Amino acid sequence: MKVIKKINNNIVMAKMRDGSEVFVVGRGLGFRQTPFILNDNDEIIEKIFTQQDKNADKYMAIFTQIPLPIINITEKIIEEGKELLQANLNELLLFSLADHINNSVEREEGTDEVINTLHWEIKHIYPTETKIGEYALSLIKEKTAITLPKEESSLIALHFVNAQLKNGADFSETSKITQIIKDIVTIVKYNLKKNINEDSINFARFVTHLRYFIFRQINNESLNEQSELYEVVKKTAEQELECLKKICLYLENNYNWHVTTDEQLYLLLHLKRLSTK
């Protein structure tokens, strides 16, 4: 490859044999005088980022504004996230997460306090993503000697929730999903009037179902109709049915969402499990 431009002391832009342009990361690469030829297998190369047209400006911004150690930490966190989630993640995660971590580290160095009012809910709604966040805090401490507050783990978790959504949603959309789940759980607790074990398998399954139910609402997707079964189930679930009506009313009034019969059926089945000791 032919290096054609210096981005910073450790990152350069290069042109491959097929004419495509890439960003090459390697300590001290930017000190060399451009242009120069760089062997694809050179040991100095730490990472090569393919420069896709739609993200070229974002790559340029992240590499010029964020320190290389933070980018390397972010890459490692994303690798761990892919391993734990076993899911494809939106390629823009590198930009948003690196920017978040960099800001968090700078804020901690300035002793500014982080506020995350949804920390508890995120831990219960997104347990796997929260584990990634906890891993991230551990890695950041190991690599930078900076201890970020535990609330940061759930904020990092939201980046991985966002990266799993179809076409990548706006970050505020992810926070909205979390708030909706929190509100529905509050409705359930109040209307079922029972002590719900939030560490139980049934509660975990209910919250997981809520996540994908909300994803379907956002993406205008639906399940197969089960109207006959719904009529049978609701006859044996009077209290749960009243709770379901409150949930549907909340979603219609606040988000203008119509909950189909099939979605109501599965929500009702989960409510029955929750109300059973």
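A few comments on the model shown:
- Qualifying residues in the range 5-39 (those that are more than 35 Å from the chain's Cα centre (by Cα) and within 23 Å of PRO67 (Cβ to Cβ)) - the one surrounded by the fewest Cβ atoms within 10 Å (Cβ to Cβ): PHE31
- Check on GLU79, among the acidic types (Asp, Glu) and either part of a strand (DSSP E or B) or open to solvent by 40 Å² or more (accessible area, probe 1.4 Å) (or both): yes
- Within the range 124-139, considering residues that are surrounded by 16 or more Cβ atoms within 10 Å (Cβ to Cβ) and of a type in the set (Val, Ile, Thr), the one nearest to LEU155 (Cα to Cα): THR130
- Residue in the range 253-260 that is assigned to a helix (DSSP H, G or I), touching a Lys or Arg at 6+ places or on another chain (Cβ under 9 Å) and surrounded by fewer than 16 Cβ atoms within 10 Å (Cβ to Cβ) present: yes
- Scanning the range 158-195 for residues being at pLDDT 80 or above and more than 19 Å from TRP120 (Cα to Cα) gives a total of 5.
- Applying a threshold of 6 Å to beta carbon distances and a minimum spacing of six or more residues, or different chains, the list of pairs starting in the range 83-101 at a residue that is open to solvent by 30 Å² or more (accessible area, probe 1.4 Å) and ending at one that is polar (S, T, N, Q) reads LEU84/THR128; ALA87/GLN164.
- The criterion of at least 2 residues that are under 26 Å from LEU84 (Cβ atoms) is met, among helices (runs of 4 or more DSSP H) falling completely within the range 160-249, by 171-192, 201-218.
- Count of the range 140-152 residues which are part of a helix (DSSP H, G or I) and either modelled with pLDDT under 95 or open to solvent by 10 Å² or more (accessible area, probe 1.4 Å) (or both): 6
- Checked against (1) of a type outside the set (Val, Ile, Thr); (2) closer than 15 Å to ILE184 by Cα; (3) open to solvent by 90 Å² or more (accessible area, probe 1.4 Å); (4) over 22 Å from the mean Cα position of the chain (by Cα), GLU228 meets all criteria but (2).
The values are calculated or read from the model by the stated rules, or taken from the named source; none is laboratory data. In this text, all values refer to a predicted model and were calculated from it rather than measured experimentally. Quick reminder, even Gly has a Cβ in these numbers, built from the backbone with ideal geometry, and neighbours come from all protein chains shown. Heavy atoms of the whole protein, side chains included, go into the accessibility calculation; ligands, DNA and RNA do not. Shrake-Rupley method; radii C 1.70, N 1.55, O 1.52, S 1.80 Å.
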